[in-house]
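The values are calculated or read from the model by the stated rules, or taken from the named source; none is laboratory data. Note that the structure is a prediction, hence the values are computed from the model and not measured. For neighbour counting, all protein chains shown are included, and Cβ atoms are generated from backbone atoms with ideal geometry for every residue, glycine included. These accessible areas exclude ligands, DNA and RNA; they are computed on the full protein's heavy atoms, side chains included. Shrake-Rupley method; radii C 1.70, N 1.55, O 1.52, S 1.80 Å.
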Amino acid sequence: MDSAQPGNMNDAWNQLFTGVARANVVLDAMQHVEFPTKPGIIAELRVLRAIYYFNLMDLFGGVPIVCPETTNPICHGIAIETREKNTRAEVFNFIEAELIAARPDLKVSWTADMNGRITQGAVDALLASLYLNAQVFTGTVSTTGLTKGPARWADANAAADRILNSGNYTLATDANTGCTQGPGCGWRSNFRADNGNSKENILTVKYLNQPGLGLHFVMESLHYNQYSGGSTPWNGFSTLAETYRAFDPADQRRQIFLIGPQVNQVTGLPVTDRAGNPLVFDSTIANDAVAQENIGVRIVKWPVDPNHLDQENGNDYALFRLAEIYLIKAEALNEISAANGPAAIALVNTVRARVFSPPKPIPVPATQQGVRDAILQERLFELTDEAKRRQDLIRMDQYISRAWQFKAAAALTQPYRVLMPIPDIQLGTNPKLVQNAGY
């Protein structure tokens, strides 16, 4: 790990457990009051807590389960004390049970003024993803690698079907969104500042163009001179050239990348670098330690909010969209039986149909592995910059074995890195914690 990573890991641990703690405090208080909407509020809190634990389990594996409910035998109160880790499988089972228990008390949908609150569809999306990764999440990690747990493909398929058959969600296309900004604007509507209206988004993190409440993604990637509004972008994150080049030039999803001559993303006017030369982004990153300021393809999947306040943009961040549910179902079907390959690829092509004009469906591969590879690639195209790639590569046994630019050769022989290390500061604070294997 480089010097920045331990701090990042500790921030993740603290922020996620802060979310758990906040949910627990309210859930504890709710045990002592009665009001008409109490079941729904409790259900939403349980789902939120499950989301935090989902991310803790994904990153760190087994972690302490903390909960105040007196009716749950795994809960032992929320007093501040040192606690041992529950196993990763126990955390998985806790998350699954919480989501299933909460679902009946949740609304199918909310009115526009309550947009973003938890629904039954959000629970089904979480369950579909949980089951899709069940072999990883219920497995064990040692210095020699991941031993997988039982598969839950049929459960992933069933959860996906509940969403697909609900009639509550629709893939955003140019036709059904009324877009007038050229091909692909229907798909892009899922990420714009008005994406709270998207019928494709199932579960989102809400942001507002108000002080301290905005989405800052554009600030992290744009060049210093590409934004107007008070704050200066970082000229920070870029994508790997191999990721950018994997996209078909005809794929309208490629529009998320900035490459070549650049403009200010607020005014649309051409911009220069700090030396006064026209700003032209180059995809080739020869050396990330000494890269020039124009090096690297930038991602603007969540574009600038026209009504942004300084750096605060009002775009909601999608945790789950309907397109991913199609891809989850495709993967589950293929894993259930190789005979489902044609049905799986048909679902993939449903997702592709709206981003190619004319359509460019992929043919059905000859083998189950070929279908698996096609789904993994389509997930790259559809879900880039949506925090799914690490999970996908681990699930499909490519996270360690697959090489890419700037991935150290040693990482190809360190299979325990499918989990992150528990931060040293947490180990020092809680001596009952045990470090993950290999670290």
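Taking max minus min of the alpha-carbon positions on each principal axis, region 112-224 gives extents of 49, 41, 30 Å, largest first. In the list [x] 81, 50, 38; [y] 64, 49, 47; [z] 67, 61, 40, the label attached to Cα extents along the principal axes in Å as derived from the coordinates here is [y].
Taking amide H as placed 1.01 Å from N in the peptide plane, the amide H of residue 297 sits under 5 Å from that of 239, each at least 5 places away or on another chain.
With a Förster radius of 41 Å applied to the beta-carbon distance between residue 26 and residue 405, the computed FRET efficiency rounds to 0.35. Between region 362-409 and region 122-199, the alpha-carbon centres lie 16 Å apart. Relative contact order for the chain: 17 percent, from Cα pairs under 8 Å spaced at least 6 residues apart, divided by residue count.
Can you pick out the pairs among 38/206; 38/301; 38/432; 148/432; 301/432 whose Cα atoms lie more than 32 Å from each other?
Where the Cα-Cα span goes over 32 Å, the pairs concerned are 38/301; 38/432; 301/432.
Using 0.36 nm per residue and subtracting the Cα-Cα separation, the extra length available between residue 35 and residue 140 on full extension is 33.5 nm.
Candidate cross-link partners of residue 407 among the lysines, defined by an alpha-carbon separation under 20 Å and a same-chain spacing of 8 or more, comprise 388. Straight-line cross-link reach from residue 85 at under 13 Å between alpha-carbon atoms covers no aspartates and glutamates, not counting any fewer than eight positions away in the same chain.
Between the helical axis of 38-60 and the longest alpha-carbon principal axis of the chain there is an angle of about 70 degrees. Inter-label distance, residue 284 to residue 80: 5.5 nm, where each label sits 7 Å from its Cα along the C-beta direction.
To put it simply, the accessible area of the chain at a 1.4 Å probe is 56 percent carbon and sulfur.
Net charge of the neighbourhood of residue 231, taken over other residues with C-beta under 14 Å away and scored Lys/Arg +1, Asp/Glu -1, is -4. Please determine, in degrees from 0 to 90 and to the nearest 10, the orientation of helix 341-353 with respect to the longest principal axis defined by the Cα atoms of the chain, where the helix direction is its Cα long axis. Approximately 50 degrees, to the nearest 10.
Computed 3J(HN,Hα) for region 167-180, one whole-Hz value per residue from the Karplus formula 6.51 cos²θ - 1.76 cosθ + 1.60 where θ = phi - 60°, is x, 8, 9, 9, 4, 6, 10, 4, 6, 8, 10, x, 5, 10, glycine and proline marked x. Sorting 32, 308, 216 by accessible area puts them as 32, 216, 308; the probe is 1.4 Å, largest comes first, and only protein heavy atoms count. The magnitude of the dipole of region 149-272, with charges of +1 and -1 set on the Cβ of Lys/Arg and Asp/Glu and taken from the Cα centre, is near 120 debye. The residues neighbouring residue 56, those whose beta-carbon lies less than 12 Å from its own, together hold a net charge of +2 under the Lys/Arg +1, Asp/Glu -1 convention. The simple spin-label model puts a point 7 Å past each Cα toward its Cβ; for residue 432 and residue 115 those points are separated by 4.4 nm.
For the chain, what is the accessible area per residue in Å², given a 1.4 Å probe and the full set of protein chains? Can you show the working numbers first?
Working: 19810 Å² over 439 residues.
Per residue, the chain has 45 Å² of solvent-accessible surface.
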